[in-house]
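What follows is a short report on a single structure.
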Amino acid sequence: MTQPNDMLQPTTGRLDLHAAAGDALVVFFARGWVLWAASLIVVLLGVPSMGILFGPLFGGLFLMAAAALDGKRPRVRDVFGGFRHFVRFFAVAAIWSIALILGTMAYEIGAVLSNALTLLLFPAIVDECGPALAWKRNWRAFVAHPVVFLFVWLLECGLIVLINLTARSTWIFPVLLFAIVLPPLALFKIGLYRLLYPSNGAPA
């Protein structure tokens, strides 16, 4: 008998991060230009909208990443697919933003934990979870694998530092760099989520 979604627990075994990263790179090199173009749309439309459109656009990019990992051929316009679940993606983006703001106010350790605690919110929404269930799954996975979460956060932190360094010259470089790093991160996070919750099958 299958457990209800809100009762599913993340796997506690060893995670094959090498396989997840390998799959992400293979798909990225095969579909990279489409994901890059979509990522640029996320940045150019999401930032000027004061974050209002960021949630559904970012969610659309994750939907494209999930489709690409499933062997499908996403199109650039699919980045707007997140608007079909506008409330879910907007809500999870709001949770993400509030956690980051509160974490930053609590200095470095708070920023580390807040980002780690929101690592899989978007992949969970792609898996047809509501915001509350997405948060619950993210939290359970963090408790089961805190080292993995912090490792991925350190990777993201390095990329953010690189982006901030380029911002000292002109705005176009950080925008382009941000758009470049989003797709492989989305692919990797979808792959990580599937490793943690393999019983769910492929995201929709």
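A short reminder: the numbers here are calculations on the coordinates, not readings from a lab. Keep in mind that this is a model prediction, so the values were computed, not measured. Using ideal geometry, Cβ is built from the backbone for each residue, glycine included, and neighbour counts are taken over all protein chains shown.
Points worth noting:
- Sorting the segments 33-40, 53-60 by their residues' average number of neighbouring beta-carbon atoms within 10 angstrom, most packed first, yields 53-60, 33-40.
- Using a simple spin-label model with pseudo-atoms 7 Å out from Cα toward Cβ, Val147 and Phe83 lie 4.5 nm apart.
- Cβ crowding within 10 Å, taken as a proxy for footprinting-reagent exposure, orders Lys72, Lys136 from fewest neighbours to most as Lys72, Lys136.
- Between Leu45 and Val76, the distance separating the two model label sites (each 7 Å from Cα on the Cα→Cβ line) works out to 1.2 nm.
- Zone of Ile98's modelled label, taken as backbone nitrogen in the range 121-163 under 15 Å from a point 7 Å along Cα→Cβ: 131-136
- Efficiency of FRET from Cβ geometry, Ile52 and Leu176, R₀ 22 Å, rounded to 0.05: 0.45
- Straightening the chain between Glu128 and Leu25 buys 34.6 nm, computed as 0.36 nm per residue apart minus the Cα-Cα spacing.
- Nearest-0.05 FRET efficiency for Arg140 and Ala37, computed from C-beta distance (R0 41 Å): 0.75
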